[in-house]
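Asks: First the structure, then my questions, so here it is.
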Amino acid sequence: MPNRWDKNIMQEIFEKIKTVTTLFLALVLLPTTSFIELDYIISSFKGDNIFYKDFIQDWLLGKAIVVGIDPYLSIHDLAVRLIGNVHQIQGGIHPTPHPPTAGLFLTPLSCLAYRHAAYAWFFLELLFVTSSIYLVCRTLGFNRPRMVAVAAVPFALIWGASGEEIALGQLVILQLLFLSAAWFCISRKLEIRTGMLTGLAIILKPMLWPLIFFFALKKQFKALLSCVALLISAGSICSFILGVRAVYNYVVHILPTVDKNYACSIFNISLRSAGLKLFKGTYSTVNNAVSAPPVINIPMFAEPAGLILPLVCLIVTFYLIYRMEAVSGFSLMIISCILASPVAWGHYFALLAIPVGWVVKALMTEHSSAGKLSSYALWGVALFPGSMFWYRCVVVFSGDIPTGTHAVTVPGGLVYLMFIPTAASILLFPILWRLQGQNHPT
């Protein structure tokens, strides 16, 4: 009896500590992150900051296709030719890592002046966010999905992942729209539409290519064939417009440099990057204001670790998907695509709106204990801040401030603060596995 009493008392104390910790972190992190993200979005349009948005890469890519020059010159060279003298450009010394198909999507906006195109893309992103949330709500069976979608837009602006995505003007929100539509079609067993929509998401950023194996595992061969057919068609169109050599150059020369330039960047929070940094530290030709030595200085172990971690992630995902329903497995596969990608920036995690929506729906419909709710809240608090917040934490804890001419070196273990969203995403695996048998989306 005393042991049992002690166990219950200790469990109650632990639950109270967890609740208080979660409340404290929420009161500190949520307002701070909200301020950081809103300030990031607003300041991204001020003065010459607008030229430091990632959107300039895709605008230049589309403009180069329209004008008829090599779209894979360095971003700086393209900017000089197509805009004029621009002092500050994101990743300017390298060609854009985005595929030529992404440039084709942006060719209509490339007809506008860059500043006007950047504002137009911002408003389009708000439309994409609203539409994505609406489709997720429809898939999950929310009441009044239109009202929920509109009400959730302010939250999308302050959530770290989506706020950074909108500030940068990247393509992930458009990918989210295609994947949300594909998820809705899976729930309605519309395989051909599912495959085509998934293909559209893949041609924007190739990191989603493992979704092809999802269709094979679930024996959705119509979706598989329609997805592959769209990818082949998109490649053929690009080869016809740009020439086979340009597409070949992108696949053979441009893509490998992405891993070389960004694999060990402090902002790269993929599993591969986690393995590399453990044994090799940080390194990047672009994001080099903050660097860190390896936690364990054995460089020969870096590449094996960088390969094993994402490989294990994919194997576990394939095993779980094989045993899950298609709707459940698709949301899990999205998480795995982000984690197993060689490069995963913080704004990639905006794609987690699909599985996160499922978790929110489950919490609204099931009766959970206070302890379980506090666990979910702690997980949500960990996922809410974006990379810019954790980056600032790393800088603050280092006791030094990087400037344009002064780089900061921090302890190797400190950079793993950046991986807190990665850890929170991994926790979605057991959460979704539990939910898929109890609260299946319909």
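The values are calculated or read from the model by the stated rules, or taken from the named source; none is laboratory data. Just so it is clear, the model here is predicted, and its values are computed rather than measured. Here Cβ is always computed from backbone atoms with ideal geometry, including for glycine, and neighbour counts include all displayed protein chains. Just so you know, the surface numbers come from the protein's heavy atoms only, side chains and all, with ligands and any DNA or RNA stripped out. Shrake-Rupley method; radii C 1.70, N 1.55, O 1.52, S 1.80 Å.
Asks: Conditions first: (1) surrounded by 22 or more Cβ atoms within 10 Å (Cβ to Cβ); (2) aromatic (Phe, Trp, Tyr); (3) not in a helix (DSSP H, G or I). Trp59 passes all but one, so which condition is the exception?
Replies: Just one mismatch for Trp59, condition (3).
Asks: So, one more: Given the conditions (1) assigned to a helix (DSSP H, G or I); (2) at pLDDT below 85; (3) open to solvent by less than 70 Å² (accessible area, probe 1.4 Å); (4) more than 30 Å from Pro154 (Cα to Cα), and given that Thr21 satisfies all but one, which numbered condition is not satisfied?
Replies: (4)
Residue-wise test of (1) touching a residue at least 40 places away in the same chain (Cβ under 8 Å); (2) in contact with a strand residue (DSSP E or B) (Cβ under 6 Å, 6 or more places away or on another chain); (3) farther than 23 Å from Leu200 by Cβ; (4) open to solvent by less than 20 Å² (accessible area, probe 1.4 Å).
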position	(1), (2), (3), (4)
Leu242	yes, no, no, no
Gly281	yes, no, yes, yes
Asn297	no, no, yes, no
Gly329	yes, no, no, yes
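Asks: Sticking with this structure for a sec: For the structure I just gave you, tell me whether Gly169 is among the small types (Gly, Ala, Ser), at pLDDT below 90, in contact with a Phe, Trp or Tyr (Cβ under 8 Å, 6 or more places away or on another chain) and open to solvent by less than 20 Å² (accessible area, probe 1.4 Å).
Replies: Working: among the small types (Gly, Ala, Ser): yes; at pLDDT below 90: no; in contact with a Phe, Trp or Tyr (Cβ under 8 Å, 6 or more places away or on another chain): yes; open to solvent by less than 20 Å² (accessible area, probe 1.4 Å): yes.
Judged against the criteria, Gly169 is not a match.
Asks: Among the residues of region 142-165 satisfying the criterion of being of a type in the set (D, E, K, R) and either within 20 Å of Met388 (Cα to Cα) or in contact with a Pro (Cβ under 6 Å, 6 or more places away or on another chain) (or both), which is surrounded by the most Cβ atoms within 10 Å (Cβ to Cβ)? Give the steps one after another, and end with the answer.
Replies: Initially, region 142-165 is screened for residues of a type in the set (D, E, K, R), giving 144, 146, 164-165.
Within this subset, residues satisfying the condition of being either within 20 Å of Met388 (Cα to Cα) or in contact with a Pro (Cβ under 6 Å, 6 or more places away or on another chain) (or both) are 164-165.
On the way: Glu164: 28, Glu165: 30.
The extreme case among them is Glu165.
Asks: Could you list all residues from region 235-254 that are out of contact with any helix residue (DSSP H, G or I) (no Cβ under 8 Å at 6 or more places or on another chain) and under 23 Å from Lys63 (Cβ atoms)? I'd like the intermediate steps shown before the answer.
Replies: First, the residues of region 235-254 that are out of contact with any helix residue (DSSP H, G or I) (no Cβ under 8 Å at 6 or more places or on another chain): 236, 240, 243-245, 248-249, 251-254.
Ser236, Phe240, Gly243, Val244, Arg245, Tyr248, Asn249, Val251, His253, Ile254 - these are the residues of region 235-254 that are out of contact with any helix residue (DSSP H, G or I) (no Cβ under 8 Å at 6 or more places or on another chain) and under 23 Å from Lys63 (Cβ atoms).
Asks: Still on this model: Which residue out of Leu104, Leu124 is open to solvent by 10 Å² or more (accessible area, probe 1.4 Å), touching a Cys at 6+ places or on another chain (Cβ under 9 Å) and not polar (S, T, N, Q)? Spell out the reasoning first.
Replies: On the way: Leu124 fails: touching a Cys at 6+ places or on another chain (Cβ under 9 Å).
Answer to the selection: Leu104.
Asks: With the condition being in contact with a Ser or Thr (Cβ under 6 Å, 6 or more places away or on another chain), I'd like the helices (runs of 4 or more DSSP H) fully within region 206-255 carrying at least 2 qualifying residues. Spell out how you get there, then give the answer.
Replies: On the way: elements: 211-217, 221-242, 244-249.
Those helices (runs of 4 or more DSSP H) span 221-242.
Asks: Test Ile266 against the criterion of being open to solvent by less than 30 Å² (accessible area, probe 1.4 Å) and in a loop (DSSP other than H, G, I, E, B), and give yes or no. Full working, then the answer.
Replies: Details: open to solvent by less than 30 Å² (accessible area, probe 1.4 Å): yes; in a loop (DSSP other than H, G, I, E, B): yes.
Considered against the rule, which asks whether it is open to solvent by less than 30 Å² (accessible area, probe 1.4 Å) and in a loop (DSSP other than H, G, I, E, B), Ile266 comes out as yes.
Asks: Please indicate, with yes or no, whether at least one residue in region 188-196 is open to solvent by less than 10 Å² (accessible area, probe 1.4 Å) and either at pLDDT 95 or above or part of a helix (DSSP H, G or I) (or both). If you could, list the steps in order and put the result at the bottom.
Replies: Step one: of region 188-196, the residues open to solvent by less than 10 Å² (accessible area, probe 1.4 Å) are 194-195.
Okay, now just the ones that are also either at pLDDT 95 or above or part of a helix (DSSP H, G or I) (or both), so 194-195.
Checked against the condition, which is being open to solvent by less than 10 Å² (accessible area, probe 1.4 Å) and either at pLDDT 95 or above or part of a helix (DSSP H, G or I) (or both), region 188-196 yields at least one hit.
Asks: Of all residues in region 332-365, count the ones that are touching a Leu at 6+ places or on another chain (Cβ under 9 Å) and outside any helix (DSSP H, G or I).
Replies: Just the residues of region 332-365 that are touching a Leu at 6+ places or on another chain (Cβ under 9 Å), to begin with: 332-341, 344-345, 347, 349-363.
Imposing the further condition that a residue be outside any helix (DSSP H, G or I) reduces the set to 341, 344-345.
Going through region 332-365 one residue at a time, the tally reaches 3.
Asks: Tell me which residues, restricted to region 212-229, are open to solvent by 30 Å² or more (accessible area, probe 1.4 Å) and aliphatic (A, V, I, L, M). Working first, answer last.
Replies: Initially, region 212-229 is screened for residues open to solvent by 30 Å² or more (accessible area, probe 1.4 Å), giving 212-213, 216-219, 221-222, 224-225, 228-229.
Passing the criteria: Ile212, Ala216, Leu217, Leu224, Leu225, Val228, Ala229.
Asks: For residues in region 364-405 being open to solvent by 30 Å² or more (accessible area, probe 1.4 Å) and touching a Pro at 6+ places or on another chain (Cβ under 9 Å), which is modelled with the lowest pLDDT?
Replies: Ser398
Asks: Between a residue in region 39-64 that is closer than 30 Å to Ile241 by Cα and in contact (Cβ under 8 Å) with a residue 12 or more places away in the chain and any residue that is part of a helix (DSSP H, G or I) and of a type in the set (S, T, N, Q), which pairs come within a Cβ distance under 6 Å, given they are 6 or more apart or on different chains?
Replies: Trp59/Ser110; Gly62/Ser110; Lys63/Ser110
Asks: Exactly one condition in (1) modelled with pLDDT under 85; (2) open to solvent by 70 Å² or more (accessible area, probe 1.4 Å); (3) outside any helix (DSSP H, G or I); (4) farther than 21 Å from Glu165 by Cα is not met by Gln88; state its number.
Replies: Result: Gln88 passes all but (4).
Asks: Only residues that are surrounded by fewer than 16 Cβ atoms within 10 Å (Cβ to Cβ), among the β-branched types (Val, Ile, Thr) and at pLDDT 85 or above: list them for region 24-56, please.
Replies: Within region 24-56, Ile42 is the sole residue that qualifies.
Asks: So which residues in region 107-121 are outside any helix (DSSP H, G or I) and open to solvent by 40 Å² or more (accessible area, probe 1.4 Å), if there are any at all? Steps first, answer last, please.
Replies: To start, the set of residues in region 107-121 that are outside any helix (DSSP H, G or I) comprises 107-108, 112-113.
Matches in region 107-121: Pro108, Leu112, Ala113.
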